[in-house]
Amino acid sequence: MNAATSYETLIIGGGLAGLTCGLRLAEKGVKVAILEKGETDRYLCNSRICGGAFHVSYRDVHESPEVLMNAMKGKTQGFSRQSFLDVMANNAGSTAQWLRSKGLRFIKVGDAPHRQTTLAPPIAQKGRDYWHGRGGDVMLRTLHAELKKAGATVLLGTRALSLRMAGNQCIGIEAEQQGSKVLLDARNVVISDGGFQANPELLREFVTREPAKIRQRNAQTAMGDGLTMARAVGAKLVGMKNFYGHPLIQDALTNDDLWPFPVMDDLCVAGVMIDSSGKRFVDEGLGGVYLANHIAGMADPLSTIVIYDQPIWEGPGKAFITPANPLIITNGGTVHKADTICALAQKLALPAGVLEQTIGQYNTAIDAGTTTQLAPARSTRDHKAWPIRTAPFYAARLVAGITYTMGGIAVDGDCRVLDGNDNPITGLYAAGCATGGLEGGDAVGYVGGLSKSSTTGFQAAEHIAANRAR
Ligand SMILES: Cc1cc2nc3c(=O)[nH]c(=O)nc-3n(C[C@H](O)[C@H](O)[C@H](O)COP(=O)(O)OP(=O)(O)OC[C@H]3O[C@@H](n4cnc5c(N)ncnc54)[C@H](O)[C@@H]3O)c2cc1C
C-alpha cells in the first residue's frame, strides 16, 4: 500500500451531487479530489442517463420557497426532516441558477410545471441511446470541464472501500485503484455514491424480498458502498424501505427497449390494477411511484396486471412525452386485447367471473361517486378514475422499476452525517441519493433526484468551505 496522499476534501462519486460539491469547493479554493469508480470519461451513472427535469415535488425549482415547501410537505406528509425540507425550499432554485452560471443549459419542455427547468438538449424520445450527447451527459461533461479549469482533481477508476477514522473523526478513505489499495487523507469526506439500488443484498434487507423480480431502471452503478461504509462507523440510516421508480411492462425484465421508458404510470392510475386472483389490491389513485413501491413489496412482485379500455389507451395512454401508447407495443411489449372482460380474463388465465365482478363494482362505484368506499379504496384527489367500459379491453403484466433508493444516510441541514444519537460525525458529509430523510415515508413522497443531488452537494460544500479556517 502506498503512503497516504492528502487533500482537504475527498468526494466519493462523480454524479451530479459529487461534481456540484467538488466544483463549489474548488471555486472557493479548497484542495479537493473526486473519486469515481467509473474508468472512462463517459462513465455511467444515474446523472448521465437521467430525464433532466429539475423540479421539487413536481414544482419548478425557481418557484418561491413557500410553494416548494408546500409541495414537498404535500408529497411527504410529515415524513421528512424539517432541516432537509428547509435546505431544499431555500436553495434548490439558487443552486440550479449557479449551475447555469457554470455553463449548464436549461429549457422548458411542454407546459408541466416540473419540466420548466429541463437540461438541454432534452433526451431523445426513444432508443437505447436516448441520453448520448443530451441532458445529463452534457451536464457531466460541462461540470468536468469546469472542474479542470478550477484545478480540482478527478480520480477516475478509483473505488472508495472504507472510511478511515481517528476516534469519532473521519480522516480519509481507503480506496482501490487499478487493483491496488491506496490511502487518501482528508479533513472532510463527502459520500455521494448514488444510493444502493443496484445491490441485491441491501435491496433484500430493506426494500423487497425478491430483488430479482424488480427491474433495475437505472445505471446500475450505485451499490450502496457509501451506505455500508457509513454504517460501519456508526452513521444513522433513515427511510430505507422506499425508492423512486415506476411500474413498467413486465417484458422490461428481458427486453432493454422497454426501460427506462416508456413508464406505465398513466395507464396504471387511469385503469384498474389486479393481482392473480383477479381482484384489486391497491389504491391506483396514489400515483405511479407509490404503485411501483407497492408492487415491489408484494409476496410475488410479478403477479400484478393493469386492465384498461380503449378511451384510456387513447387518452392517458398517450399523455406522457414518451407515451405507453404506442411504445409498449412498438418496442416489443406484450399487451393482451379482447372484446369482453371475460375473454380478456381467459387470455390471462384469470378467473373470469372474479375479474368481471371486480370491473363491474369499480364502474358502479365511479358512477355513484363512492370509489373511496371500495376495498381497497380508490382515491381521486390526484388522479381521475376512468370507468372500464368501452371495448376493446386491454391488459399488460407489470414489474416494478427501481430508479434510485430514497432512504440512506441521515444528515443535518449542513449535510453532515449523523450518528445514532443525531450528533454529527466530525469530517463526514453525505449528499445526493446517498442520503435519507427527505423522500419516502408511508406516502412514498417524491421530491426529485436532480434537485436533491445538486442542492445537497452545494450545501455540503458551503459548510466545508465556511469551516475551513476554524
Ligand atoms: C432513467 C432516469 C431518469 C431520471 N430522470 C430524472 C429527472 O428527470 N429528474 C430528476 O430529478 N431525477 C431524475 N432521475 C434521478 C437522478 O438522475 C438521480 O437522482 C441523480 O442524478 C443522482 O445523482 P447522484 O450524484 O446522487 O448519484 P449518481 O448520479 O448515481 O452518481 C453516483 C456516482 O458514484 C459512483 N460511485 C459509486 N460507488 C462508488 C465508490 N465506492 N467509489 C467511487 N465512486 C463510486 C458511481 O459510479 C456514480 O458515478 C432519473 C434517473 C434515471 C435513471
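Any read-out appearing in this document is the output of simple, stated calculations on the displayed coordinates, not a laboratory observation. All of these numbers come straight from a predicted model, not from anything done at the bench. Here the Cβ is made from the backbone with ideal geometry for all residues, glycine too, and neighbour counts use every protein chain on show.
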Which percent of Cα-Cα pairs in region 366-470 sits in each 5 Å bin, short to long?
2, 10, 14, 14, 13, 10, 8, 8, 7, 6, 4, 3, 1, 0, 0
Relative contact order of the chain, please, whole-number percent, based on alpha carbon pairs below 8 angstrom and at least 6 residues apart.
24 percent
Once whole DSSP H runs in the chain are found, which of them have Cα atoms spread over 20 Å or more along the helix axis and a mean Kyte-Doolittle score of at least -1.0?
82-101, 135-150, 352-368, 449-466
Apply the Karplus parameterisation 6.51 cos²θ - 1.76 cosθ + 1.60, with θ equal to phi minus 60°, to every residue of region 262-272 and state each ³J(HN,Hα) to the nearest whole Hz, in sequence, with x for glycine and proline.
x, 8, 9, 3, 5, 6, 5, 7, 8, x, 10
Region 245-402, relative contact order in percent, only Cα pairs under 8 angstrom and at least six apart counted
38 percent
Which order do peptides 429-442, 342-355 fall in by mean Cβ count within 10 Å, highest first?
429-442, 342-355
Under the 7 Å Cα-to-Cβ spin-label approximation, residue 342 and residue 177 lie apart by a distance in nanometres of 7.3 nm
Treating each Cα of the chain as an identical point scatterer and ignoring solvent, apply the Debye formula and state log10 I(q)/I(0) at q = 0.06, 0.10, 0.11, 0.13 Å⁻¹.
-0.27, -0.71, -0.85, -1.13
Within the P(r) computed for region 28-84, what percentage of the Cα pairs occupies the region above 19 Å?
57 percent
By average C-beta atoms within 10 angstrom, highest first, the peptides 362-368, 303-309, 24-30:
303-309, 24-30, 362-368
Cα convex hull of region 410-466: mean projected area in nm², to one decimal?
4.1 nm²
Estimated distance in nm for a label pair at residue 169 and residue 421, the labels positioned 7 Å out from Cα along Cα-to-Cβ:
1.8 nm
If you keep only loop residues by DSSP, which trypsin sites (Lys or Arg not before Pro) in region 91-142 have at most 10 other Cβ atoms within 10 Å of their Cβ?
128
Between residue 148 and residue 5, the FRET efficiency computed from the C-beta separation at R0 = 22 Å comes out, to the nearest 0.05, as 0.70
Which whole-percent values make up P(r) of region 245-402 when all C-alpha to C-alpha distances are grouped in 5 Å steps starting at zero?
2, 10, 20, 25, 23, 15, 5, 1, 0
At 7 Å along Cα-to-Cβ for each site, give me the label-to-label distance between residue 108 and residue 70 in nm.
2.1 nm
Could you work out how much longer the chain between residue 375 and residue 356 gets when fully extended? Use 0.36 nm per residue separation minus the Cα distance between them, nm to one decimal.
5.3 nm
Taking N as the number of residues in region 144-252, what value does Rg over Cα atoms divided by 2.2 N^0.38 Å take?
1.28
With 5 Å bins from 0: P(r) over region 25-174, alpha-carbon pairs, percent
2, 8, 13, 15, 16, 17, 15, 10, 2, 1, 0
From Cα pairs below 8 angstrom and at least 6 apart in sequence, can you work out the relative contact order of region 73-153, rounded to a whole percent?
18 percent
Per-peptide average of other Cβ atoms within 10 Å, ordering 273-279, 183-189, 377-383, 457-463 highest first:
457-463, 183-189, 273-279, 377-383
